[in-house]
Amino acid sequence: MTDLQIENIYKLISDLKDFENSVVNQTEFSNNPNLGIQFLEDGLVILNTGVEQIHVTKGNVHGLIFELKQREKKSIESSKKFNPRSKLKELANGQYEMSDGYLTDLFYARQVSSGYGVYKRKLIEISKVFRSGNSIKYMEKDFLSIDEFSNDLLSNLNDFKTVEDELQK
């Protein structure tokens, strides 16, 4: 099997344990109608991805399960590396995305004295994005300047004037 075929199967599986149980027990995989498993009497297994049929031996299916578990493990590890509450997510073409959690944490950090360092780091990150000529996307709206961002999202905070004034405190 090629890496592309393994990746396509991985994308079709919503629950790896169910897929593994289907293979071990030679039962139909029902989590995704776009992925079919057919067991033949000669030990051959046909995986139908909706795009192609992949013929593998039963032993190779167990190797596939191992590969899928490795991909899932890597996916979990990589998802732990990026926390949308703590960082802006870089998209394509100089655009960043802000999560609700990021903004909520920004507001909370401003309100508690122990959160001042977090508040300032987030403002610096936001400021750097705009100074670099990039934009921030939040809730389907693209903010192209720090002033637009401040007016729409931060102006309702008590005593808030501008990001630059906040950074001077």
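The values are calculated or read from the model by the stated rules, or taken from the named source; none is laboratory data. Keep in mind the model is a prediction, meaning the values are calculated, not measured. Note that each Cβ is placed from the backbone with ideal geometry, even for glycine, and that neighbours are counted across all protein chains shown. Only protein heavy atoms, including side chains, enter the accessible area calculation; ligands, DNA and RNA are left aside. Shrake-Rupley method; radii C 1.70, N 1.55, O 1.52, S 1.80 Å.
General remarks:
- When Tyr108, Tyr119, Tyr102, Tyr96 are screened for being of a type in the set (Ser, Thr, Tyr), open to solvent by 80 Å² or more (accessible area, probe 1.4 Å) and either touching a helix residue (DSSP H, G or I) at 6+ places or on another chain (Cβ under 6 Å) or at pLDDT 85 or above (or both), only Tyr108 passes.
- Contacts under 7 angstrom Cβ, first residue in the stretch 27-48 being part of a strand (DSSP E or B), partner surrounded by 12 or more Cβ atoms within 10 Å (Cβ to Cβ) and of a type in the set (Lys, Arg), 6 or more apart: Val45/Lys58
- Annotation for the stretch 127-134: at least one member residue is β-branched (Val, Ile, Thr), modelled with pLDDT of 90 or more, more than 19 Å from the chain's Cα centre (by Cα) and within 15 Å of Lys89 (Cβ to Cβ).
- Leading residue by the ranking (surrounded by the fewest Cβ atoms within 10 Å (Cβ to Cβ)) among those in the stretch 130-140 that are within 10 Å of Glu97 (Cα to Cα) and not aliphatic (A, V, I, L, M): Glu140
- Scanning the stretch 49-68 for residues that are closer than 14 Å to Asn21 by Cα and free of Cβ contacts under 8 Å to residues at least 60 places away in the same chain yields Lys58, Val61, His62, Ile65, Phe66.
- Identity of the residue in the stretch 141-161, over 20 Å from Lys89 (Cβ atoms) and open to solvent by less than 30 Å² (accessible area, probe 1.4 Å), that ends up modelled with the highest pLDDT: Ser150
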